[in-house]
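Peer 1: Starting off with a structure, shown below.
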Amino acid sequence: MRENNHDHKKCISIFKRLSEYLDGELDAKAYEEMRVHIKECVKCEVCLETLRRTVALCRNIKMQRVPDRLKERLKSMVHGSPNP
């Protein structure tokens, strides 16, 4: 099993930087440390793959105009006003 003697405290710091990892925003040392950890940690590997899929889904989503009535209701909700 890959997770013998594994320090899961490291997973929290990995999770916080997964977007930077995917976007290539880390320096070489940080990238390599994360790559090695993810290779050894099933849970972090799953989180990374889930984030990759989520990003791909978001990139492929069609933009649609929000109907004016819904837009006004959302504004009212955000500002705490009664629904129109």
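Peer 1: Which loop-located trypsin sites (Lys or Arg not before Pro) does segment 1-72 contain, where loop means any DSSP state but H, G, I, E or B and the Cβ has at most 13 other Cβ atoms within 10 Å?
Peer 2: 2, 62, 65
Peer 1: A follow-up question, please. Under a Cβ-Cβ limit of 4.7 Å, which cysteines in the chain have nobody to pair with?
Peer 2: Cysteines lacking a close Cβ partner in the chain: 11, 47, 58.
Peer 1: How far is helix 28-40 tilted, in degrees, relative to the longest principal axis of the Cα atoms in the chain, given as a value from 0 to 90 rounded to the nearest 10?
Peer 2: Once rounded, the angle reads 80 degrees.
Peer 1: Taking 0.36 nm per residue of separation and subtracting the Cα-Cα distance, what length does fully extending residue 9 through residue 39 add?
Peer 2: Extra length available between residue 9 and residue 39 comes to 9.2 nm.
Peer 1: While we're looking at this one, here's another question. Towards the positive end of the charge dipole of the chain, with charges on Cβ (+1 Lys, Arg; -1 Asp, Glu), say which of 37, 11, 48 has the farthest Cα.
Peer 2: Positive-end residue among those listed: 48.
Peer 1: Cα-Cα pairs above 19 Å in segment 1-62: how many percent?
Peer 2: Result for the distance tail: 32 percent.
Where a number appears in this text, it was derived from the coordinates with a stated rule and is not lab data. A quick note: this is a predicted structure, and the numbers were derived from the prediction, not measured. Methodologically, a virtual Cβ is constructed for each residue, glycine included, from the backbone with ideal geometry; neighbour enumeration extends over all protein chains shown.
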